[in-house]
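This report refers to the structure that appears directly beneath it.
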Amino acid sequence: NYFTINKGADDGIYKGLGVMCRNGVVGIVKSTSKHFSLIISILNKDIKTSASIRRNGYFGSLAWEGTDPQILNLEDLPRHAEVKLGDTIQTSGYSLIFPKGILLGTVKKIMQKEGTNFYSLPCKIWADISKLDIVYVLKNNAKPELEKLETNAGSDK
């Protein structure tokens, strides 16, 4: 599940940048040419987005299971987290790709993962990947500094 946009390296776009539309996250830049970029959609099983419940901040990983293009699952949310049907899901800000607060969708069902202390929450996303028109590419200007800091964290022994 990929799509192409008509902006590329000459426009300052490079691999790893986040992509969103007015209704939420739609993907991540996979590769670029001078004038185009290939975007890996959030409707790809290889993509996980750090997301949280807007009301209380509990977070987990939002991922597509490969069936319904409007439903993504918020996984690894601790069972002690207070969750309600209809809770709004947003980006958590715990990744270097998407800032905190991009609205993603709402909790559609509350399920406990068997044998674990975690929820699996099917969420209806607001972005309709099948009819995208305008998208925005997000650049975190602090990302190179943060990546360097994280890389060097293990070498301070």
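We did not get these values from a lab; they are worked out from the coordinates using the rules stated. Keep in mind it's a predicted model, so treat the numbers as computed, not measured. FYI the Cβ positions are ideal-geometry reconstructions off the backbone, even for glycines, and counts take in every protein chain you see.
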| message | Ignoring solvent entirely, what values of log10 I(q)/I(0) come out of the Debye formula for the stretch 37-157 at 0.10, 0.14, 0.15, 0.21 Å⁻¹ when each Cα is a single scatterer? | response | -0.35, -0.66, -0.74, -1.20
| request: Report the one residue of Ile97, Val107, Thr32 whose Cα lies farthest in the direction of the positive end of the charge dipole of the chain (charges on C-beta: Lys and Arg +1, Asp and Glu -1; origin at the Cα centre). | output: Val107
| message | I want to check the label-to-label distance for Lys34 and Lys100. Put each point 7 Å from Cα in the C-beta direction and report it in nm to one decimal. | response | 4.2 nm
| said: How long are the semi-axes of the equivalent ellipsoid of the stretch 4-94, taking √(5λ) for every eigenvalue λ of the Cα gyration tensor, in whole Å from largest down? | reply: 29, 13, 11
| field | In Hz, Karplus ³J(HN,Hα) per residue of the stretch 109-119 (6.51, -1.76, 1.60; θ = phi - 60°; x = Gly, Pro) | value | 8, 10, 10, 9, 6, 4, x, 10, 9, 10, 8
| task | Order the peptides 58-68, 140-150, 106-116, 18-28 from the highest to the lowest mean number of other Cβ atoms within 10 Å of their residues. | result | 18-28, 58-68, 106-116, 140-150
| request: Output the direction-averaged projected area (hull surface divided by four) of the convex hull of the alpha-carbon atoms of the stretch 118-157, in nm². | output: 6.2 nm²
| said: Using only Cα atoms and rounding to the nearest 10 degrees, what angle (0 to 90) does helix 143-152 make with the longest principal axis of the chain? | reply: 70 degrees
| Check: the stretch 40-157 dipole with +1 on Lys, Arg Cβ and -1 on Asp, Glu Cβ, in debye | 240 debye
